[in-house]
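Working notes for the structure below.
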Number of protein chains: 2
Amino acid sequence: MARRTKEQAAETREQLLDAAERVFHAKGVSRATLDDIARDAGLTRGAVYWHFDNKTAIFTAMCDRVSLPMQAMLDAQVADPGPDPLGQLTRDGARILCLVANDSRTTRVFEIILFKTELCDVVAEVMAEEAERAARCRRQLSTVLQAAQRLGQIPAHVNCDLAAFALNSYLIGCIREWLELREFNLADQAEWLMQTFYAGLQHAPPPPAKVE
Amino acid sequence: MARRTKEQAAETREQLLDAAERVFHAKGVSRATLDDIARDAGLTRGAVYWHFDNKTAIFTAMCDRVSLPMQAMLDAQVADPGPDPLGQLTRDGARILCLVANDSRTTRVFEIILFKTELCDVVAEVMAEEAERAARCRRQLSTVLQAAQRLGQIPAHVNCDLAAFALNSYLIGCIREWLELREFNLADQAEWLMQTFYAGLQHAPPPPAKVE
DNA sequence: TTAGATACATACACGTATGTTTGTAAACAC
DNA sequence: GTGTTTACAAACATACGTGTATGTATCTAA
C-alpha cells in the first residue's frame, strides 16, 4: 500500500482507535483480535503494528482519549475550590453523569473499562497506572471536601478521606449500574442523585473510628 | 486413573471450583485455561470435562457458591420487613460489606466478577441471567424502601425505584472501590458508610421528575 | 463374579492469535 | 530525478487453547 501523508496517517490512527472501541465493546478486550480491529477499520494488522506496539498500547491510547479531558476538569476544580465547594462538587458529579449518559464515546469507553476488561497480572502496568490515577482522584476529592468542611458545609466530625472514598464509590457505582440498566434518563436524575448523597454527608453520624 | 467413590468425586468437583477461583483471580477469566485449572487442582483436563461442559459452566458454578447464600439472605429480608425496615437495611448492607471484607471466598469471587470478567456477546446467557438477578434485587430493595416510606422513615416525595437504584449503586461501588484500594478496614467503617447514605435519603430534596 | 458404568488420564486434530519478516508504492528530502 | 523513508499489506512461522476421541482402572450392582 502506498505511503500516506502525515495527516492521513494520524487519521488512520484515530480510525484504528475508533475501531478498537467498537471491537472491544462487542467482544471484550481479551477476545478482541488485532485482526478484528484492523478489519473493522478497513485495514490490516500491518497498520495496527505500525501505529501501536501491541493490544495493550491500543487500549491505553483509547482510554486516554476520554480520561485525559475528565482529569483536566477535576484538576481545574481543585486549583480553585471557589466559594461553594460542595455545590460545585454536586454540579461536577452531575456533569460527569450527564457525560456518561449523552456522549457516546464516553459511554462506550466506560462500558469497556467497567464490564469488558480483565485487570490481571498480565496487564500489571495498566493496573498500576489505574491505581495511581484513582488514588490521585481520591486525594483531590478529599482536598475539596476539606475545603467544604472549613466553610461549615460538612460537619467537623466527618472524615474527609472516608467521605471521598464514599463519594467516589457512589459515582462509579451509579455509572456502572446505569450502564447495566439503561431504564431511565440518567441526565434528568443526575442532580437529584448527587444532592441526595451530599445531604447524607451533611447529616452524617459521628464516625466510629479513624480511617488511615 | 481409577474410579473414585461418589463422595470423592464430589470433593474433586469442589477442588476444581477452588482451583478455578485461584486461576480466574490470577489470570482473568478469558486468559485462564482449562489446563491451568486442572493443573492447579492437581488433575488433568479430563477431570474438568467430566464435571463441567466448558469454562462457562465452571464460572457459573463458582459464582453460585457465593451468590446463592446472599440471595437467600435478601429473600428473608423481603419476606419480613420488620418494624424498622431502614435500620434493618442498614445492618444488612453493612453485613454484606463485612462479608466482602472478611470472608476470603466472597472477597475473591467478587474481585473476579468485578475486575476479571468480560461480559460480552459471547457469554450472553450469563449476562441475561445476571441482568435478571440484578433487576430482581432492585425490585426487592424498592419494596423494602416503600415499606420504610409508609412508616415515615423516608420522605413521601422520594422515588423508591430511584432510591433503590442509588442504594444498589452505592453498595456495588463501595465493594468495588474497596477491593481496588484495601487501605482501611471496611468492616469497621461499614456501619458509618451505610448510615450516611440513609441520612441522605431521609434528607433528600424533592425529585425533578418521575423515573419510569 | 462379572458386566457395565464411572471417573478420570492421555493423545490428537483443528482453528486461531501473535509477532515478525518481507514486499511495495507513494511521499519527501536533496 | 534519484534515493530514502514512510505507511501500510501480505505472507510466514510459531505457539497455544479447545473439543473430542480413546484408553483404563476402579467401583457398583445384579
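Rule-based calculations on the coordinates, nothing more; no lab input. All values reported here derive from a predicted model rather than from experimental measurement. Because the Cβ atoms are built from the backbone with ideal geometry, glycine has one as well, and the counts that use them run over all protein chains shown.
Rounded to the nearest 20, the size of the Cβ-charge dipole of chain B about its Cα centre is 260 debye, with Lys and Arg at +1 and Asp and Glu at -1. Projecting 7 Å from Cα along the Cα-to-Cβ direction, the label point of B:Ala134 sits 1.8 nm from its equivalents in the other copies, listed shortest first. Mean projected area of the convex hull spanned by the Cα atoms of the protein assembly as shown, taken over all viewing directions: 23.8 nm². The reciprocal of the average 1/r between distinct C-alpha atoms defines the Kirkwood hydrodynamic radius, which for chain A equals 19.2 Å. Its Cα centre serving as origin, the protein assembly as shown has a Cβ charge dipole (Lys and Arg +1, Asp and Glu -1) of approximately 440 debye.
When chain A is described by a simple charge dipole with +1 on each Lys and Arg Cβ and -1 on each Asp and Glu Cβ, the residue from A:Asn185, A:Trp50, A:Gln15 located farthest towards its positive end is A:Trp50.
Ranking A:His157, A:Thr60, A:Ala41 by how far each Cα lies toward the positive end of the dipole of chain A (charges on Cβ) leaves A:Ala41 at the top.
Each helix, a run of at least 4 DSSP H residues, gives -39500 (n - 2.57); summed and divided by the residues of chain A, these come to -25000 deg cm²/dmol at 222 nm. GNM remark for chain B: springs join alpha carbons under 10 Å apart, and the peak mean-square fluctuation among B:Ala190, B:Ala135, B:Ala148 falls on B:Ala135. Straightening the chain between A:His203 and A:Leu68 buys 45.2 nm, computed as 0.36 nm per residue apart minus the Cα-Cα spacing.
For a Förster distance of 41 Å, can you work out the FRET efficiency between the beta-carbons of A:Asp35 and A:Arg95, rounded to the nearest 0.05?
Efficiency at R0 = 41 Å is approximately 0.60.
Return the FRET efficiency for the residue pair B:Asp80, B:Ala9: r is the Cβ-Cβ distance, R0 is 30 Å, and the value is rounded to the nearest 0.05. The pair B:Asp80/B:Ala9 has a calculated efficiency of 0.15.
Here the Karplus relation 6.51 cos²θ - 1.76 cosθ + 1.60, evaluated at θ = phi - 60°, turns the backbone of segment A:44-59 into coupling constants of 10, 4, x, 5, 4, 5, 6, 8, 9, 5, 6, 5, 4, 5, 4, 4 Hz, with x for every Gly and Pro.
Plainly put, the tip 7 Å out from Cα toward Cβ on B:Met73 is 3.5 nm from that tip on each other copy, the closest given first.
Nothing charged except the Cβ atoms of Lys and Arg (+1) and of Asp and Glu (-1): what's the magnitude of the dipole of segment A:1-52 about its Cα centre? Round to the nearest 20 debye.
For segment A:1-52, the charge dipole is close to 180 debye.
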